[in-house]
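Below is one structure, written out as structure tokens; the observations come after it.
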Amino acid sequence: MSKVSVIGAGYVGEAAVKHLAQREVADVFVFDIVEDMPKGKALDLMESAPIVGYDRRITGVSVNKDGDGSEYAALEGSEVVIVTSGMPRKPGMSRDDLLKINAGIVGGIVENLNKYAPDAKLIVVTNPLDVMCMVAYLKLGWPRERVMGMAGVLDSARMAWFIAEELNCSVQDVRAMVLGGHGDTMVPLPRYTTVSGVPVTDLIAKDRLEAINERTAKGGGEIVNLFRNASALGSAYHAPGIASAIMAESIVRDQRRLLPTACYLEGEYGVSGMYQGVPAFLGKNGVEKIVELGLDESEKALFNRSVEHVEKAVKEMRELLGI
Ligand code: APR
């Protein structure tokens, strides 16, 4: 049976674990530094298995944060590892504010990946996403095909929902495309968005589409704000968790789905040496192929703005961490 590990048993990690087990994608190991909590979450989910009717096993692993990390030996044999550990965004906090804290957390975890699961495919979820992907890529030294980030599946799902809401139609027929970094400068692409193959630009007026693009780019912040009075909640978690599980599923089942993925670019879209969200086929080797879309002048300008934004954040991170 396939094995997927999820590091971070918080809100996003839990949503990913639940989806992977319920869809029978793999047996799942879930890790966290909070003593016993991942075991509790695993047990609770296993107790839901007879009700839902799934047979995949979920195992919780508590990692001693002051220890030597040997608990991570349970990563062995993982085909895919999803990293969600880190601090979620709080109201008023930008994704980049999270950089320092989360770079330390992700950096520490990838050392254990190299030790215990050196052949795995890694999906980074921790924000700021594009920068955390870079931290993982630089520290792991793995081929780029095996180090990717989850952003576009979530961002395009948000866009798809807003379109379905606008048209009062089924979400099942909406296919949306979002490129670029996972932040306010992401690039929703209505020209590559369809409802059952019909370009959305033929179905929705330009000004309404612009409003949808804007709402998509700020989709994470909208939820952070709606959660502001619930002290236990930070940022969105259902859609991000499920989005990362869907990517893992495409890899484990070698489905080769074409999913917007944060990939390390080596010349694609005129960009080298950094992560950007681009459509990619995900299969058993991880990122099997990056697809280059033809962009018009205004789309190119928006994409370049996103590249500049991520470039700046990566530069800051590299100076900060000395890598
Ligand atoms: N090893 C393992 N787990 C860790 C570590 C570590 N070194 N450091 C922190 N964690 C755990 C925390 O104990 C917590 O349970 O990561 C979990 C994070 O969960 P939440 O605080 O609930 O955050 P969540 O909403 O799941 O978001 C996680 O995903 O979408 C992004 O912006 C979001 O970066 C954030 C991440």
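Could you pull out the residue among Gly149, Gly180 that is touching a Cys at 6+ places or on another chain (Cβ under 6 Å) and of a type outside the set (S, T, N, Q)?
Values: Gly180 fails: touching a Cys at 6+ places or on another chain (Cβ under 6 Å).
Residue meeting the stated conditions: Gly149.
Yes/no per residue for (1) open to solvent by 30 Å² or more (accessible area, probe 1.4 Å); (2) on the phi > 0 side of the Ramachandran plot:
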site	(1), (2)
Asn64	yes, no
Gly77	yes, yes
Gly92	yes, yes
Gly107	no, no
Ala120	no, no
Met134	no, no
Phe162	no, no
Val174	no, no
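Go through segment 291-312 and give me each residue that's assigned to a loop (DSSP other than H, G, I, E, B) and surrounded by 14 or more Cβ atoms within 10 Å (Cβ to Cβ).
Going residue by residue through segment 291-312, those that are assigned to a loop (DSSP other than H, G, I, E, B) are 291-296.
Listed by number, the residues that qualify are Leu293, Leu295.
How about segment 42-58: which of its residues are acidic (Asp, Glu) and either surrounded by 14 or more Cβ atoms within 10 Å (Cβ to Cβ) or within 12 Å of Asp27 (Cβ to Cβ) (or both)? Spell out the reasoning first.
Within segment 42-58, the subset acidic (Asp, Glu) is 44, 47, 55.
Matches in segment 42-58: Asp55 only.
Scan segment 159-179 and tell me whether some residue there is in contact with a helix residue (DSSP H, G or I) (Cβ under 9 Å, 6 or more places away or on another chain), within 14 Å of the ligand (Cβ to nearest atom) and touching a residue at least 40 places away in the same chain (Cβ under 8 Å).
Within segment 159-179 (the criterion being in contact with a helix residue (DSSP H, G or I) (Cβ under 9 Å, 6 or more places away or on another chain), within 14 Å of the ligand (Cβ to nearest atom) and touching a residue at least 40 places away in the same chain (Cβ under 8 Å)), the answer is no, since none of the residues qualifies.
Which one is least open to solvent (accessible area, probe 1.4 Å) among residues in segment 1-14 that are hydrophobic (A, V, I, L, M, F, W, C) and more than 13 Å from the ligand (Cβ to nearest atom)? Walk me through how you get there before you give the answer.
Here is the first cut: in segment 1-14, the residues hydrophobic (A, V, I, L, M, F, W, C) are 1, 4, 6-7, 9, 12.
Of the ones still in play, those that are also more than 13 Å from the ligand (Cβ to nearest atom) are 1, 4.
Working: Met1: 142, Val4: 0 Å².
Checking each candidate, the answer is Val4.
Any idea which of (1) assigned to a helix (DSSP H, G or I); (2) within 13 Å of the ligand (Cβ to nearest atom) is the one Ile123 doesn't satisfy?
(1)
The values are calculated or read from the model by the stated rules, or taken from the named source; none is laboratory data. Just so you know, these numbers come straight off a predicted model, no measurement behind them. Neighbour counts are summed over all protein chains in view; Cβ atoms, including those assigned to glycine, are modelled from backbone coordinates with ideal geometry. Each accessible area value is taken on the protein alone, full model and side chains, heavy atoms only, with ligands, DNA and RNA left out. Shrake-Rupley method; radii C 1.70, N 1.55, O 1.52, S 1.80 Å.
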